[in-house]
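Every read-out reported here was derived from the displayed coordinates using simple, explicitly stated rules and does not represent laboratory data. Please read these numbers as outputs of a predicted model, since none were measured by experiment. All Cβ positions, even for glycine, are placed from backbone atoms using ideal geometry, and neighbour counts span all protein chains on display.
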Amino acid sequence: MHTLAQINAPFNGVELIIIEHNQQPYTPMRPIVEGMGLAWQAQFDKLKQRFNSVIMEIMTTGKDGKSYKMICLPLRKLFGWLMTISPNKVKPELRDTVIKYQEECDDVLWDYWTKGITVNPRSTKEEREPLTNAVNLLVAKTKHLNYSDAYKLVHQRFNVKHIDEIPYDTIPVAVEYVHHLIALYSQANKHKDTEPHIQAVLQDQNVQFLMWYVPILAKFVKNELYPALTVIQSSYAGRLIGLTQEVSCHANILNRKAIGYGITLKHVGDKQPHSMEWYLA
């Protein structure tokens with residue numbers, strides 16, 4: 001038997017060990033149990049009751065270089081054990097972490113064994129620095145966007161709940177997207193004297209229909225349809241929100257210009273143009 005690798009699992013930086021024993025992958029259970037905030041003795045008793053025929057006491061090497069005997073479970077049985085853990089029975093502050101661990105840990109360990117490598121899909125703070133700088137510039141340039149609104153646009157565009165979930169290889173695409181937003185929103189802030197024709201454009205019936213209905217449709221997609229597609233893990237979620245934000249961005253720019261000129265949308269009942277604050281709400 002020998003240790004194949006020691007890797008970082010997607011859970012608070014806990015280091016898990018994969019060990020080959022009788023040509024099968026095993027993983028020590030105590031680091032997993034304690035990493036989830038659970039009591040080792042209670043889980044050890046459960047392991048003996050349910051997995052007594054397959055658990056093994058295997059010699060492992062600790063961080064200090066010393067050898068330790070640890071109770072190990074075959075990798076193929078880990079999923080079965082994980083499903084015995086009820087997130088509702090752990091401390092509230094650990095519930096989301098346990099759910100995340102159940103969803104990700106098994107895949108990470110198995111990928112390492114079958115593919116020889118495990119990839120943490122999340123990016124590091126240093127890797128996200130270009131994106132963070134781009135968002136800072138977006139907020140500074142647009143004035144009317146705060147950081148929460150700016151990051152909300154990025155989260156929705158890349159189908160994530162937090163910026164650290166954007167994979168490293170997608171960071172350049174995200175940076176390009178934010179710079180695209182900067183260019184578009186900056187156009188809306190140009191001095192009126194540089195656009196003598198814009199008032200005539202904003203008075204056009206077709207333009208006003210687009211200014212009014214595109215943001216309404218986009219907001220419906222953003223707040224109602226996109227979250228529903230995300231729940232069912234539809235591959236269309238990211239594509240739909242990307243297209244929606246693209247067209248709504250242009251419509252919102254026209255609305256912002258109309259607000260600046262004091263123009264109402266006379267072709268749709270003399271309504272006031274949509275504000276960016278309304279769209280982001």
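Listing for the model above:
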quantity	calculated
Calculated from backbone phi, Karplus (6.51, -1.76, 1.60) coupling profile of segment 264-281 in Hz, x at Gly/Pro	9, 8, 5, 7, 10, x, 6, 7, 6, x, 5, 8, 5, 4, 5, 5, 7, 5
Cross-link pairs Lys152/Lys222; Lys46/Lys77; Lys46/Lys69; Lys219/Lys257; Lys66/Lys125 - those with Cα-Cα distance over 21 Å	Lys66/Lys125
³J(HN,Hα), Karplus 6.51/-1.76/1.60, whole Hz, each residue of segment 197-205, x for Gly, Pro	8, 5, 5, 5, 5, 5, 8, 5, 4
Equivalent ellipsoid semi-axes, segment 129-280, via Cα gyration tensor eigenvalues times 5, rooted, Å	28, 19, 11
For segment 30-92 versus segment 148-187, the gap between their alpha-carbon centres in whole angstrom	39
J(HN,Hα) series, segment 162-171, from Karplus relation 6.51 cos²θ - 1.76 cosθ + 1.60, nearest Hz, glycine and proline x	8, 4, 6, 7, 6, x, 4, 6, 9, 3
Under-5 Å amide H pairs with Ile18, H placed in peptide plane, nonlocal only	Leu4, Ala5, Ile7
Label point distance in nm, Gln272-Asn146, each placed 7 Å from Cα along Cα→Cβ	1.9
Burial ordering of Met36, Met56, fewest other beta-carbon atoms within 10 Å first	Met56, Met36
Paramagnetic reach from Asp96 (point 7 Å along Cα→Cβ, amide N under 20 Å) across segment 28-57	35-38
Protection proxy ranking, peptides 147-160, 261-274, 81-94, average beta carbon neighbours within 10 Å, highest first	147-160, 261-274, 81-94
Ranked by how many other beta carbons lie within 10 Å on average, peptides 199-206, 64-71, 171-178 from highest	171-178, 199-206, 64-71
